[in-house]
Amino acid sequence: MFFHKQELQFKATPEKPDAVYARKLQEVLGGQYGEITVAMQYGFQAWNSHIPGKYRDLLYGIGAEEMGHVEMLAIMIAQLLEKAPLGITEDAVQNDPTVAAVVGGMDVQQAIVAGAGARPVDSNGNPWQGSYITASGNLLADFTANANAEMQGRLQVARLYHMTDDHGVRDMLSFLLARDTMHQNQWLAAAKELQAEGAESLPVPSNFPIKKEERTVSYQYLNFSDGNTASEGSWASGPTPDGLGEFSYHDGPTTSAPMPPPTRVDARYYGTTDLPNAVEKMAGSVQDKLHKE
């Protein structure tokens, strides 16, 4: 159940309209790592959670906060478009307003489709997709994915911060940057706590019978590049993070197997085959069998 309170978590008011920047801001609203994604990701992880308690509550709480961030961005984008010239942006005056809009860098669908408002799309107008979200049912895998989502999102917000001089926009972005800082730390802390409590551990899934792995290659770093400095990393020697083995370094693969013969498919797929007239021969054999019957 959701209730809406008509106030924002933080101020979201630009100093002036800017249709070009409104399009840029769409990325952290409806892009792969935008606020719609994390709101839905945390929501589905909570709904798919199999155990009650602090981790489920954490997902519900942060998912609800992220919906508030969706709202902040959508309202900011609408204000950036509120008094923007229809079809023409600064430094892009053309005889044809539509051409001016495209050349100037604004999203014409924000005007044509959304009536000077935000849309659930990225900065190129690609629709938001449910395939962006990760909700596997394994909390360690999901929390690790969540930390990545917050890192990617904060990276994009930081870049957007330097793409505007508008203090009102920057104030809102500074708040989102701070919340991304918290959320990165929070998911990493939750993942660490999961492992400390023994609820989940590496490798994910930890309850798959490890003896069913081909254990000889489980901790081998196989270098498939002509670069050789990767051998200096902690992933090439020493104990593994899961505590179950030791890393080893190898130039190239340590296993090989003969290539199986080419596959043979039904001639009715009409692929290139070494059996000319295969379809005709097959059809003829079927007819012969029918005649005999």
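The values are calculated or read from the model by the stated rules, or taken from the named source; none is laboratory data. In this text the structure is predicted, and so the values were computed from the model without any measurement. Positions of Cβ are generated from backbone atoms using ideal geometry, with glycine treated the same way; all protein chains shown enter the neighbour counts.
All but one of (1) assigned to a loop (DSSP other than H, G, I, E, B); (2) acidic (Asp, Glu); (3) touching a helix residue (DSSP H, G or I) at 6+ places or on another chain (Cβ under 8 Å) hold for Asp242, so report the exception by its number.
Tallying (1) assigned to a loop (DSSP other than H, G, I, E, B); (2) acidic (Asp, Glu); (3) touching a helix residue (DSSP H, G or I) at 6+ places or on another chain (Cβ under 8 Å), Asp242 fails exactly one: (3).
Quick one: is Val113 modelled with pLDDT of 50 or more and surrounded by fewer than 16 Cβ atoms within 10 Å (Cβ to Cβ)?
Spelling it out, Val113 is indeed modelled with pLDDT of 50 or more and surrounded by fewer than 16 Cβ atoms within 10 Å (Cβ to Cβ).
Among the residues of region 211-237, what is the count of those that are more than 13 Å from Ser248 (Cβ to Cβ) and exposed (fewer than 11 other Cβ atoms within 10 Å of the Cβ)?
10
Any idea which of Ala178, Ala236, Ala199 is part of a helix (DSSP H, G or I) and either more than 30 Å from Val38 (Cβ to Cβ) or not polar (S, T, N, Q) (or both)? Let's see the steps before the verdict.
On the way: Ala236 fails: part of a helix (DSSP H, G or I); Ala199 fails: part of a helix (DSSP H, G or I).
After applying the criteria, what remains is Ala178.
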